[in-house]
Number of protein chains: 4
Amino acid sequence: MFAKTSEVKVMRDPVHGYVHVQDQLIWDLINSRWVQRLRRIRQLGGAYVVYHCAEHTRFSHSLGVYEIARRMCYEVPDIDHALNEKEKMTVMAAALLHDSGHGPYSHAFESISHTSHESVTCRVIEHDPEIRAILENGYHGMAKNVADVIRHKSANPLLSQMISSQLDADRMDYLLRDAYFTGTTYGTFDLERILRTLRVENDQLMIKASGVYAVENYIMARYHMYWQVYYHPTARAYEAILRALFQRLKDSGMLEEEYVLPQFKALREGKKLSLEEYFRLDENACNYGFEMLEQCNDPILRDLSSRLLDRRLFKFTDYSPREVRRLSKVLKEKGYDPKYYLMKDEVGQRPYVPYNGEAGSIFVLMEDGSIRELSNASNIVYSLIHGPDRDEKKIFIPAL
Amino acid sequence: MFAKTSEVKVMRDPVHGYVHVQDQLIWDLINSRWVQRLRRIRQLGGAYVVYHCAEHTRFSHSLGVYEIARRMCYEVPDIDHALNEKEKMTVMAAALLHDSGHGPYSHAFESISHTSHESVTCRVIEHDPEIRAILENGYHGMAKNVADVIRHKSANPLLSQMISSQLDADRMDYLLRDAYFTGTTYGTFDLERILRTLRVENDQLMIKASGVYAVENYIMARYHMYWQVYYHPTARAYEAILRALFQRLKDSGMLEEEYVLPQFKALREGKKLSLEEYFRLDENACNYGFEMLEQCNDPILRDLSSRLLDRRLFKFTDYSPREVRRLSKVLKEKGYDPKYYLMKDEVGQRPYVPYNGEAGSIFVLMEDGSIRELSNASNIVYSLIHGPDRDEKKIFIPAL
Amino acid sequence: MFAKTSEVKVMRDPVHGYVHVQDQLIWDLINSRWVQRLRRIRQLGGAYVVYHCAEHTRFSHSLGVYEIARRMCYEVPDIDHALNEKEKMTVMAAALLHDSGHGPYSHAFESISHTSHESVTCRVIEHDPEIRAILENGYHGMAKNVADVIRHKSANPLLSQMISSQLDADRMDYLLRDAYFTGTTYGTFDLERILRTLRVENDQLMIKASGVYAVENYIMARYHMYWQVYYHPTARAYEAILRALFQRLKDSGMLEEEYVLPQFKALREGKKLSLEEYFRLDENACNYGFEMLEQCNDPILRDLSSRLLDRRLFKFTDYSPREVRRLSKVLKEKGYDPKYYLMKDEVGQRPYVPYNGEAGSIFVLMEDGSIRELSNASNIVYSLIHGPDRDEKKIFIPAL
Amino acid sequence: MFAKTSEVKVMRDPVHGYVHVQDQLIWDLINSRWVQRLRRIRQLGGAYVVYHCAEHTRFSHSLGVYEIARRMCYEVPDIDHALNEKEKMTVMAAALLHDSGHGPYSHAFESISHTSHESVTCRVIEHDPEIRAILENGYHGMAKNVADVIRHKSANPLLSQMISSQLDADRMDYLLRDAYFTGTTYGTFDLERILRTLRVENDQLMIKASGVYAVENYIMARYHMYWQVYYHPTARAYEAILRALFQRLKDSGMLEEEYVLPQFKALREGKKLSLEEYFRLDENACNYGFEMLEQCNDPILRDLSSRLLDRRLFKFTDYSPREVRRLSKVLKEKGYDPKYYLMKDEVGQRPYVPYNGEAGSIFVLMEDGSIRELSNASNIVYSLIHGPDRDEKKIFIPAL
């Protein structure tokens, strides 16, 4: 039904060995502008200031999620049987496109631009002429169906589970990929084992009991990657400066036009970005925008830009209201405006949360055929979710 | 003070890259009969019937423990400063020799022979003429000091902690090594990170707070290796047959002399083995002993031997008194004597136990200089030790 | 046509991830006595005296060759189309059984026993009742067909090429496996790439031009493994003692029966071994045989045995007739009989030999559809086969 | 003599495990603007269009070269003894700074800007105020000494050999790093072995005979990386468009100011760039420059820019004068100007060239103490340098 490429195309990938493409539709999507744009957006935002090799992009991650989804479709017998060819193509396309609406600097940018990348992704899928044409050429109505997978509104809930749940192609790729490129070993788990033990029961993806060890490892991997990489305080210090800089961009009145990146102007004015403006807002543009701001007439913007570019980051300390008051006073005495020079954030992470809204639970198919939620099948996971929480609230300020 | 080898000797090791030797004393120990004998004893006993590549020996493990101990002595600054040259040589020798008294088939053999490998190890160190001479040539009294490290009676408790505690060179080598040779990924953890964050405070080995993640990973690795490898029911089925066979050897009256390995005769008679008899009781000898028993006149010994050699193992099922009664009856009807054909065992493992006798606790040096027991410094570990226990009791019988 | 196992059986293998079995016939072969016996024969003979982790067995190698052959059958489209189900089962069985007639200590033993392992393998396949029954249960005439693959007499020459040529499943597994277990990096090459670029033209296995780099790497890997591992002079010193010991066994007149392993008696007398005698001649038995000889009344046998067991090996030096004369004289003066204490060997290896008898050439399918012998498609290989030869002839004697 | 950092600083690096810094001078250099700028220049220029993970930067490569140089200084005994502390600091600083003058897109940019990165590197070292101050703070005259290492004019030739010869820290890092990030296995070789066998004789770095295998592997790795990665025709197609675009930039008369990146203006005018202009010419800026050119009034610049950004690359075919004539005609008929749409290049690589100018030869210290040039100590290398050359000349044009 769907056109095949003349031969299987393979792309060398250090995480998966090769990414395999044999559908012309997938190949066309890979070569589209919006997917190629993901080469200009790093997977890990500011984490490269901590892990100097973490320069990998959302493009390679998107290929990886596609590759895992493809393997699920054809190498996991239960899924192979559960899905027809249209559904397989739909979920593979959704896997490849799931991050296409991502802006620069990972999730930091979402709070700056007040957009969610999922909603932009759905706009791209349904409204970018090139992407839409490729999909509708697959079958009539495919663009909406792909977007529905992203929105968790798919007619077949299995499709959303495969790329967006607590044990999905997205998370599995990013843990392995981020571990590989940061050089940490924390994110590794046994992907082959998990794929081998995936089952479908009543349209629900689950894991066979013999795969529980591998899932325990995956959950620990996730926990450690959060605290060691994604929530590393130095990466958060970088993102704190990003937020301060964009706040200042909004607050600063007069700026010489020539030193303000056109894409920043819409953000300054709080306007909703058109798809084309959003397209042009990649990390190349932002970084070049910071290089221009280094030359502008606002000393705070000049300072914050050069801090980002030359990696003169903020220091961090544990949050307390008393400490905020004390440091605000010190900063003011030194001539720093705390609005831009005393930033806060709070992060928290649970290794695994049962009954977690759209992301759902992880279910285990026991040897006797019964189905249990993961924490009822794993002592380790039971212990973890009944143990104490971990949150971390920090203040970020310049070295004084 | 101690003689050096003419140049640094290196032995290629897949786990550590190289094992480095620059002390003549260590080189002489490696070349001694008792250490070379460890080439004839597998590290993992019967696990090779599950993991077909798990043929690695206690010889390579012993070199690995030595290598980690050597790196601790010279690459961990706190240990480098805390120990003098005599103590370093003592702990490196103890690391190399710590398993020299091990019999065949790992711990299964200890219950058969009613010996502990530690006590034989101490006899070897203090009483084997070759080993003793090498050590006493190092310094007067060294043999006793090395044995005292094994016995947890060392004048400096740090030495025992380095090779026998809850975070020691022994465990760190075997987890990495067993993971490598079984091909599982569960046993991997970040050895470099742990070595980098080891500290000594008040003669107590501890870990810096920034190493807690790596220790959490190590503890999870240990947990998973126990359940996935060491306690794998098929490996336990192999060991169940070993126990049955030796029980039968004791019970069977008349056996043709020519088919009973000389080393088995002492075991039959329940006599304590001399060091030299013990020396000759390696896995080559045992396996050859089973090959001979395949030809003897006792049908039970013939059957059990060929089960070991040809891997016709027992099946397993969960234990219950009712199930034992039911299966005993079935076995008898089929002509099997349950004394040798219905074996039981029970295994249990806690990922980490604070205040654990000789093995002690793992301590963490916090950033403020305070010291905490690990479960007070890690949410993960706290959760694990307060979660439910895991035990597994099984019955092993032939396929019927 | 062929019975399937109830589910796909997988065995964890560090080299291939998993070995997959879904045919009952293959599963039965794996569980046969002759295949299980390969667990008692090391893959690398004496190399473990140099590389202390090289304890892996011909059992795991045989599984690996089977796994590569299986992947060739089902994952290389040209082979998948070229072979029918009978041929696939035949070649997979041949892959699994290709080393079943191997004796202890790799090729060293073949010169001692004057047998070739291929001829014993064919005897096992055609005459061992268990193996023969399993095969003939597959289809009538299968035992002969499997043996014919080993003998290079298969009706379809592709089958022999797959497991015994210059680029075959056997060599590909052993290079990767030996590299993994020795811990050297020299043997690694890109198996995935080679499998992806295999083609069949006119019943001849060949490689697509885009796979030439991977084949160049494979040939270099082979070259380096030969000189770094297989021909390592210390491993050859071990084998020299083996040859000396068996020579002495033949020459020594009176030996106490009780200290001579029954299996050695046939070798002493130069009799052809029956299959059952051969079966019992594994490395456990040999090593136990050496342990017994350590106690016999012949001082040369006692010495040579303990040299093998305690790793007191011969030294080596470059061969010259003058050096042989000089050393013979010295040895005699010291009381050593040069017949057993001055051993010689010569080894030579070409990285790749075109038109190499049964092993044949490696052919390349060029982009224009023409076919070239490898050295006409690779500058590197052309250079290597026109460069100087390398041979190494050495003398082995005890440390004096 | 040189100030130490308060504790050893480590940066996680997937290639080396960790990069270790314990000198304040090195730490200051890492944090300088010019070194941080290398985060904005990819190591492999256009190869990321072939290998989608090859996004690693010259910053991580520079840290890697430093790390290898540091290990040479302290872990290779001969070098440790041969160099004093000043020389060690000089060579480590040179290693870290050796690429600091690199422009965007690897070597493609050098032909566009008619600058050599080495000469800019020396300008940065001697004339950038920040770098110069850090170095002169180390010792008086250090900036010139560091530049002299780059220029092969060092008083001690060993320093240049360590970071710029045929077996140097630069090549060793990039082969390993590029292999890691492309996901190819071709670039791997045994760095540990090479470091272990490095020797210094008469101020000349050389390798012990026992390291020749590792060097053979390194040379093969280099050969394969050149043809598989650096000279991959698709990467060269990307660079062909880069050259065409910059040619067009020079040739196009009127361009709207607002769409021409300021940094491009100097290139258009063929002016020599000031250090500060050069500083601002990183890959962020260039990519943003291409994004602007997509909107300019020159259709050729618009087309070439979008080809770079959206990866619509040129096709390639083998060069011949006849083919050039034929394709020129076809292109003109289709409305393409061959000056920008028919690009040529020629690449060639010898695996190893003895007596190679500044890069010199690789020398081998034989067991008898004699010194040989590598091709006289290795059959493999001898064969390679006497075998046929390989050159590849290609034409690049748009898909028609």
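Miscellaneous remarks
- Subset tally (residues that are buried (at least 18 other Cβ atoms within 10 Å of the Cβ) and either within 15 Å of D:Ser210 (Cβ to Cβ) or in contact (Cβ under 8 Å) with a residue 40 or more places away in the chain (or both)) for region D:365-389: 7
- Checked across region B:189-205, the condition of being in contact (Cβ under 8 Å) with a residue 12 or more places away in the chain, over 17 Å from the mean Cα position of the chain (by Cα) and under 30 Å from B:Glu346 (Cα atoms) holds for at least one residue.
- Selected residue (criterion: farthest from C:Val146 (Cα to Cα)) from residues of region C:48-67 that are open to solvent by less than 10 Å² (accessible area, probe 1.4 Å) and part of a loop (DSSP other than H, G, I, E, B): C:His52
- The residue that is modelled with the highest pLDDT, among those in region D:365-382 that are of a type in the set (A, V, I, L, M, F, W, C) and within 28 Å of the chain's Cα centre (by Cα), is D:Leu374.
- In summary, A:Lys250 fulfils each of the numbered conditions (1) at pLDDT below 90; (2) under 22 Å from the mean Cα position of the chain (by Cα) with the single exception of condition (2).
- Only one entry in B:Tyr352, B:Tyr336 is of a type in the set (Phe, Trp, Tyr) and either part of a strand (DSSP E or B) or within 12 Å of chain A (Cβ to nearest Cβ) (or both), namely B:Tyr352.
- Subset of region A:205-227 (residues that are more than 13 Å from chain B (Cβ to nearest Cβ) and either at pLDDT below 95 or within 29 Å of D:Pro14 (Cβ to Cβ) (or both)): none
- Qualifying positions in region D:193-213 - assigned to a helix (DSSP H, G or I) and crowded, with 23+ Cβ neighbours inside 10 Å: D:Arg193
- Condition met for D:Val35 (over 14 Å from D:Asn137 (Cβ atoms), crowded, with 20+ Cβ neighbours inside 10 Å and either more than 11 Å from chain A (Cβ to nearest Cβ) or acidic (Asp, Glu) (or both)): no
- One residue stands out in region C:178-188 among those that are part of a loop (DSSP other than H, G, I, E, B) and touching a residue at least 24 places away in the same chain (Cβ under 8 Å): the one that is nearest to B:His56 (Cα to Cα), namely C:Gly183.
- Residues located in region D:27-65, provided they are under 15 Å from D:Asp99 (Cα atoms) and of a type in the set (Val, Ile, Thr): D:Ile30, D:Val35, D:Ile41, D:Thr57, D:Val65
- For region A:261-292, the set of residues classified as hydrophobic (A, V, I, L, M, F, W, C) and within 13 Å of chain D (Cβ to nearest Cβ) consists of A:Leu261, A:Phe264, A:Phe279, A:Leu281, A:Ala285, A:Cys286, A:Phe290, A:Met292, listed by residue number.
- Candidate set: region D:168-185, residues that are open to solvent by 10 Å² or more (accessible area, probe 1.4 Å) and among the aromatic types (Phe, Trp, Tyr); chosen: the one farthest from D:Gln349 (Cα to Cα): D:Tyr180
- A single entry from D:Gly64, D:Gly45 fulfils the requirement of being away from chain A (no Cβ under 11 Å), closer than 30 Å to A:Leu63 by Cβ and touching a residue at least 60 places away in the same chain (Cβ under 8 Å): D:Gly45.
- Checked against (1) in a strand (DSSP E or B); (2) within 27 Å of B:Glu216 (Cβ to Cβ), A:Lys344 passes all but condition (2).
- Residues within region C:16-40 that are touching a residue at least 24 places away in the same chain (Cβ under 8 Å), in a helix (DSSP H, G or I) and of a type in the set (D, E, K, R), tallied: 4
- Test: D:Arg12 is crowded, with 23+ Cβ neighbours inside 10 Å and within 13 Å of another protein chain (Cβ to nearest Cβ): no
- Evaluation of B:Met220 against the conditions (1) open to solvent by 30 Å² or more (accessible area, probe 1.4 Å); (2) assigned to a helix (DSSP H, G or I) shows that the sole unmet condition is (1).
- Yes/no for D:Arg42 being at pLDDT 95 or above, within 12 Å of the chain's Cα centre (by Cα) and open to solvent by 10 Å² or more (accessible area, probe 1.4 Å): yes
- Hey, D:Asp190 at positive phi and either surrounded by fewer than 23 Cβ atoms within 10 Å (Cβ to Cβ) or within 14 Å of chain A (Cβ to nearest Cβ) (or both) or not: no
- Only listed residue being among the charged types (D, E, K, R), at pLDDT below 95 and more than 17 Å from C:Glu55 (Cβ to Cβ), chosen from B:Glu85, B:Glu67, B:Glu7: B:Glu7
- Pairs, first at negative phi and outside any loop (DSSP other than H, G, I, E, B) in region B:311-326, second open to solvent by less than 70 Å² (accessible area, probe 1.4 Å) and aromatic (Phe, Trp, Tyr), C-beta under 9 Å, six or more apart: B:Lys315/B:Phe396; B:Phe316/B:Phe396; B:Thr317/B:Phe396
- The set of residues in region A:291-327 that are under 26 Å from the mean Cα position of the chain (by Cα), open to solvent by 30 Å² or more (accessible area, probe 1.4 Å) and basic (Lys, Arg) comprises A:Arg311, A:Arg312, A:Lys315.
- Within region B:248-258, the presence of at least one residue that is assigned to a helix (DSSP H, G or I), free of Cβ contacts under 8 Å to residues at least 60 places away in the same chain and open to solvent by less than 50 Å² (accessible area, probe 1.4 Å) is confirmed.
- C:Ser160 satisfies every condition listed in (1) more than 25 Å from C:Ser60 (Cβ to Cβ); (2) assigned to a helix (DSSP H, G or I) except (1).
- Verdict on C:Leu175 being under 23 Å from the mean Cα position of the chain (by Cα), more than 14 Å from chain B (Cβ to nearest Cβ), part of a helix (DSSP H, G or I) and under 30 Å from A:Val10 (Cα atoms): yes
- Index of the failed condition, D:Ser111 passing every other in (1) of a type in the set (Gly, Ala, Ser); (2) open to solvent by 10 Å² or more (accessible area, probe 1.4 Å); (3) not in a helix (DSSP H, G or I): (3)
- For region B:390-400, the candidate set comprises residues that are open to solvent by 60 Å² or more (accessible area, probe 1.4 Å) and more than 14 Å from every other protein chain (Cβ to nearest Cβ); within that set, the residue that is modelled with the lowest pLDDT is B:Leu400.
The values are calculated or read from the model by the stated rules, or taken from the named source; none is laboratory data. Keep in mind that what you see is a predicted model, and the values were worked out from it rather than measured. Note that each Cβ is placed from the backbone with ideal geometry, even for glycine, and that neighbours are counted across all protein chains shown. Surface areas here come from the heavy atoms of the whole protein model, side chains and all, with no ligands, DNA or RNA. Shrake-Rupley method; radii C 1.70, N 1.55, O 1.52, S 1.80 Å.
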